[in-house]
Amino acid sequence: MSPVPPARAPGPDPRPRPRLDDVDRRLVALLEADGRMPNNALAREAGIAESTCVARVRSLRERGVIRGIHADVDVAALGLPIEAMVAVRFGGHQREHFEQFREGVPRLPGVLGTYHVSGANDYLVHVAAASPDALRDFVLDHLTNRPGVANVETSLIFEHVRSGPDLT
């Protein structure tokens, strides 16, 4: 009788890490610093031909290294001057509750990011709101009443100091 293979741990399959050479890393660093850099300037700074640069950037996107180019928006200028990090802890750990949370919360208005974390809390939700009352209402209406949620703790963000773009 052949042995039964061990069961795979729950969750998504681990993704293999893409291999990056020095040129790939240089392109990523340049795009982190200026995601709107034109191809000719990107190629010049990386020391490669423009056609090679186009192919390299396309490959980085296809391999999931570059997931997108985004605008850094001042949410206060959009009328959402209150930011908070909301820690959410589940009572019991039913996969269904986690999946519902993961699917629904990131789509809510004012949610800037949702992070599944280890430690005492299960999720951190970065939220922007128009006022303290709007923040309170968001937490009560959209987080505390979700299935499985046992505890929610809100921390106001006084200042967000962005780190430099150098990840390579």
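The values are calculated or read from the model by the stated rules, or taken from the named source; none is laboratory data. It should be emphasised that the depicted structure is a prediction, and the values quoted were computed from it without experimental measurement. Neighbour counts are summed over all protein chains in view; Cβ atoms, including those assigned to glycine, are modelled from backbone coordinates with ideal geometry.
Table: residues versus (1) within 17 Å of the chain's Cα centre (by Cα); (2) of a type in the set (A, V, I, L, M).
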position: P38; (1), (2): no, no
position: L42; (1), (2): no, yes
position: A55; (1), (2): no, yes
position: D72; (1), (2): yes, no
position: A76; (1), (2): no, yes
position: M85; (1), (2): yes, yes
position: V111; (1), (2): yes, yes
position: A129; (1), (2): no, yes
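When you scan region 8-28, do you find a residue that is out of contact with any Ser or Thr (no Cβ under 6 Å at 6 or more places or on another chain), at pLDDT 95 or above, of a type outside the set (F, W, Y) and assigned to a loop (DSSP other than H, G, I, E, B), even just one?
No - not one qualifying residue is present in region 8-28.
Could you check, for region 67-74, whether at least one of its residues is surrounded by 13 or more Cβ atoms within 10 Å (Cβ to Cβ) and in contact (Cβ under 8 Å) with a residue 24 or more places away in the chain?
Here is the first cut: in region 67-74, the residues surrounded by 13 or more Cβ atoms within 10 Å (Cβ to Cβ) are none.
No, every residue in region 67-74 fails to be surrounded by 13 or more Cβ atoms within 10 Å (Cβ to Cβ) and in contact (Cβ under 8 Å) with a residue 24 or more places away in the chain.
Checking R107 against (1) at pLDDT 95 or above; (2) not assigned by TED's automatic domain parsing to the domain that holds A134; (3) not hydrophobic (A, V, I, L, M, F, W, C), which single condition isn't satisfied?
(2)
Can you name every residue in region 38-56 that is of a type outside the set (A, V, I, L, M, F, W, C) and in contact with a Leu (Cβ under 9 Å, 6 or more places away or on another chain)?
Of region 38-56, the ones of a type outside the set (A, V, I, L, M, F, W, C) are 38-40, 44-45, 47, 50-52, 56.
E45, E50, R56 - these are the residues of region 38-56 that are of a type outside the set (A, V, I, L, M, F, W, C) and in contact with a Leu (Cβ under 9 Å, 6 or more places away or on another chain).
For residues in region 40-53 being hydrophobic (A, V, I, L, M, F, W, C) and under 18 Å from A29 (Cβ atoms), which is surrounded by the fewest Cβ atoms within 10 Å (Cβ to Cβ)? Give the derivation first.
Pass one, region 40-53, residues hydrophobic (A, V, I, L, M, F, W, C): 41-43, 46, 48-49, 53.
Now restrict to residues that are under 18 Å from A29 (Cβ atoms): 41-43, 46, 48, 53.
Working: A41: 14, L42: 20, A43: 21, A46: 20, I48: 17, C53: 22.
Looking at the filtered set, the residue picked out is A41.
Give all pairs with beta carbons closer than 8 Å in which a residue from region 120-133 that is under 11 Å from F101 (Cα atoms) meets a residue that is among the hydroxyl-bearing types (S, T, Y) and surrounded by fewer than 21 Cβ atoms within 10 Å (Cβ to Cβ); count only pairs at least 6 apart in sequence or on separate chains.
Matching pairs, first to second residue: Y123/T114; Y123/Y115; V125/T114; V125/Y115.
Being of a type outside the set (G, A, S), free of Cβ contacts under 8 Å to residues at least 24 places away in the same chain and either surrounded by 11 or more Cβ atoms within 10 Å (Cβ to Cβ) or touching a helix residue (DSSP H, G or I) at 6+ places or on another chain (Cβ under 7 Å) (or both) narrows it down to one residue among R146, R107, R89, R102; which is it?
R102
Spot the failing condition for P81; the list is (1) at pLDDT 95 or above; (2) closer than 23 Å to F158 by Cα; (3) under 16 Å from the mean Cα position of the chain (by Cα); (4) surrounded by fewer than 18 Cβ atoms within 10 Å (Cβ to Cβ), and only one is missed.
(3)
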